[in-house]
Amino acid sequence: MAKVLGIAKIHVGSSLLRSKEGASITLGGIERTEVAGYAVYGFSEKVVGATVSCTLAHTNDLSLAELAQTTDAVIRFECDNGTVYVVEHAYMRTTPQVTAGSGDVTCEFGGDPAREELP
């Protein structure tokens, strides 16, 4: 029986982030747009980058200033079913947002289209 993704580990460079449940990756790649007039003529293509979104546990050893400066990094999105997605030339897309009480830090990274490594 196939194993379904339950837990994802996110590495930014050599650091393993303390990501919480709900992390996601949009693989990027080729995006197609319909071209139409009085009929559908076809489609055009453009390359879109990957997006990695996650919520981190805000611990006293997490430097948000350092994380916010992330550029030209390699992100590994490791799924517990054995699949790994690699995003090269990754950067912090938005400023990390901290929520008191829950201790959550929301982050969004962008980068090259993800490369899939199957188990």
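Dipole magnitude for the stretch 1-62: computed about the Cα centre from +1 point charges on Lys and Arg Cβ and -1 point charges on Asp and Glu Cβ, it is near 220 debye. With each label point set 7 Å from Cα along the Cα-Cβ vector, what nm distance links Asp80 and Arg93? About 2.6 nm separates the two model spin labels. Compare the Cα positions of Ala114, Thr99, Ala65 along the charge dipole of the stretch 8-117 (+1 at Cβ of Lys, Arg; -1 at Cβ of Asp, Glu; about the Cα centre) and return the one farthest towards the positive end. About the Cα centre, the residue reaching furthest to the positive side is Thr99.
Length gained on full extension, Ala100 to Thr59, computed as 0.36 nm times the residue gap minus the Cα-Cα distance: 13.6 nm.
State the answer as a single residue: which of Leu27, Val52, Cys79 lies farthest towards the positive end of the charge dipole of the chain, with beta carbon charges of +1 for Lys and Arg and -1 for Asp and Glu, about the Cα centre. The listed residue farthest towards the positive side: Cys79. Taking θ as phi - 60° and the Karplus parameters 6.51, -1.76 and 1.60, the scalar couplings of the stretch 76-83 work out to 10, 9, 9, 8, 6, 8, x, 7 Hz in sequence order, x denoting glycine and proline. Other residues lying with their Cβ under 12 Å from the Cβ of Thr70 contribute a combined charge of -2, Lys and Arg counting +1, Asp and Glu -1. In this structure, Lys20 and Lys46 have a Cβ-Cβ separation that, at R0 = 25 Å, corresponds to a calculated FRET efficiency of about 0.15. Across the chain, the relative contact order, built from alpha-carbon pairs under 8 Å that are at least six residues apart, equals 28 percent.
Fewest-first ordering of Lys46, Lys3, Lys20 by other beta carbons within 10 Å of each residue's beta carbon gives Lys46, Lys3, Lys20.
Where a number appears in this text, it was derived from the coordinates with a stated rule and is not lab data. The structure displayed is predicted, hence computed values, not measured ones. Here the Cβ is made from the backbone with ideal geometry for all residues, glycine too, and neighbour counts use every protein chain on show.
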